[in-house]
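Before any comments, here is the structure.
No lab work stands behind these numbers, since they all come straight from the coordinates. Just so we're clear, the structure is a prediction, and the values are computed from it rather than from any experiment. So basically every Cβ, Gly included, is an ideal-geometry build from the backbone, and we count neighbours across all protein chains shown.
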Amino acid sequence: MKVSVVARHIELTDAMKDYARTKVDGLPHFYNGLQSADITFAVDAGEHVVEIVATGKRKSVFVAHHRSRDMYVCVDQCIHKLEEQLRRHKDRVRNRHGPTHEQINDSVAESE
């Protein structure tokens, strides 16, 4: 998965970049169709703002942003929000598939 990190109006440390990358690298555990993730760090009105945009297969886009006084808290909250979005998306994709022909035949045979 391709991960890009952008900082706006702030000088970002290597430790913060590595922390965000390691957190984002764990997202394919929830949905392995992810192709890229863009992490944006910014400062607005004295608060840190983090936005993560993850792009998946078939033009699936997952967005999470959080505003707080602590940058690490922002990253953690964004990851938590993305995990929930990915989990729900995976459930939706999985539930679209109907029963197999064998399951239909078995249920018909049982009812006769």
Give the label of the value calculated from the structure for Cα extents along the principal axes in Å, choosing from (i) 33, 21, 20; (ii) 45, 40, 25; (iii) 71, 23, 21. (iii)
What helix-only [θ] at 222 nm does the chain give? Using -39500 (n - 2.57) per DSSP H run of at least 4, over all residues, to the nearest 500, the answer is -14500 deg cm²/dmol
Once you keep just the Cα pairs under 8 angstrom separated by 6 or more residues, what percentage relative contact order results for the chain? 21
Quick check: pseudo-label points 7 Å beyond the Cα along Cα→Cβ at residue 112 and residue 45, how many nm apart are they? 6.9
Looking at the chain, send over the antiparallel percent of its DSSP beta bridges, to the nearest 5. 70
Which ³J(HN,Hα) values in Hz, rounded to whole numbers, follow from the phi angles of the stretch 34-39 under the Karplus curve 6.51 cos²θ - 1.76 cosθ + 1.60, where θ = phi - 60° and Gly and Pro get x? 6, 10, 8, 9, 10, 10
